[in-house]
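**Student:** Structure in structure tokens, see below.
The values are calculated or read from the model by the stated rules, or taken from the named source; none is laboratory data. Keep in mind that what you see is a predicted model, and the values were worked out from it rather than measured. Neighbour counts are summed over all protein chains in view; Cβ atoms, including those assigned to glycine, are modelled from backbone coordinates with ideal geometry.
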Amino acid sequence: MHVLILGGTTEARRLAESLAADPLPGLRVTNSLAGRVSAPRTPPGEVRVGGFGGAEGLAAWLGEHAVDLLVDATHPFAGTISFNAAGAAATARVPLLALRRPGWTPVEGDDWHEAGSLAEAAGLLPALGRRVFLTTGRMGLAAFAGLDGMWFLVRSVDAPGAPCPPRTEVLLDRGPFTLDGERELLRRHRIDVLVTKDSGGAATAPKLAAAREAGVPVVVVRRPPVPEGVPVVATPEEAARWIRQAHARRVPPGRRNSHVSG
């Protein structure tokens, strides 16, 4: 059985680690990374880097490499690849599962302002503050480039390219982040508004708690929907269970306790 994991996320890596820690006989796992991060954390198993050439290219790859199961464990905001995966899986008749960490939910004391896009988020900012902590990654900064009356602290793993807001300071860093660290960041840079995507997860959530404590409003960009009809699980453990159940249906009982050497 050959499983292709569309990854690049903590959940994708944990799924690959789970499958490697308790290997199934004859199971081959390929991890696909988009290649947008210069030094990604490499998961166990085979790794390929780069795009497929849209839904048609991915469908062809699934067929050429005899993929039996496809797991979309990409970032919640990687909408294009998710829809390409749904189209490719339907074309190649390969079962598809989406692994999506749950989104964040506001709690008492939060001052959240929802936006449907980065452009909408940029439109909300002038009424909320002047010193912006922008944590939406290095892609899409063009949406904020016209806000020349505001100052931006942009945090990303890799340096962003142009166009950027004219008054920008770049902080290169990778989570997980701590609450104390986020508190100090807001204080030192006199941040009065935070912008984030609803990525979910614990690694970058401390910024929300720090903003709540400081009374800083937060603009939250809503995540795109998972393609209609695609089953969704919230944890790597659930995704691993789905793969193991499919493997159990495929492998004869006498072979399930024997491991392939190599």
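**Student:** Give me a count of the residues in the stretch 106-141 that are in the same structural domain as A203 (by TED's automatic domain parsing), of a type in the set (V, I, T) and not in a strand (DSSP E or B).
**Tutor:** 1
**Student:** OK, next. Which residue, of T30, T74, T80, T91, is touching a residue at least 40 places away in the same chain (Cβ under 8 Å) and in the same structural domain as A234 (by TED's automatic domain parsing)?
**Tutor:** T74
**Student:** Here's a check for you: in the stretch 83-95, which residue that is surrounded by fewer than 23 Cβ atoms within 10 Å (Cβ to Cβ) and among the small types (G, A, S) is nearest to A234 (Cα to Cα)?
**Tutor:** A86
**Student:** For the stretch 121-173, give me each residue that is free of Cβ contacts under 8 Å to residues at least 60 places away in the same chain and charged (D, E, K, R).
**Tutor:** Across the stretch 121-173, the qualifying residues are R138, D148, R155, R167, E169, D173.
**Student:** I need a count of the residues in the stretch 142-179 that are assigned to a loop (DSSP other than H, G, I, E, B) and closer than 18 Å to R130 by Cβ.
**Tutor:** 10
**Student:** With respect to the numbered conditions (1) assigned to a loop (DSSP other than H, G, I, E, B); (2) touching a Leu at 6+ places or on another chain (Cβ under 6 Å); (3) of a type outside the set (V, I, T), which one is the sole condition not fulfilled by E11?
**Tutor:** With (1) assigned to a loop (DSSP other than H, G, I, E, B); (2) touching a Leu at 6+ places or on another chain (Cβ under 6 Å); (3) of a type outside the set (V, I, T) applied to E11, the lone miss is (1).
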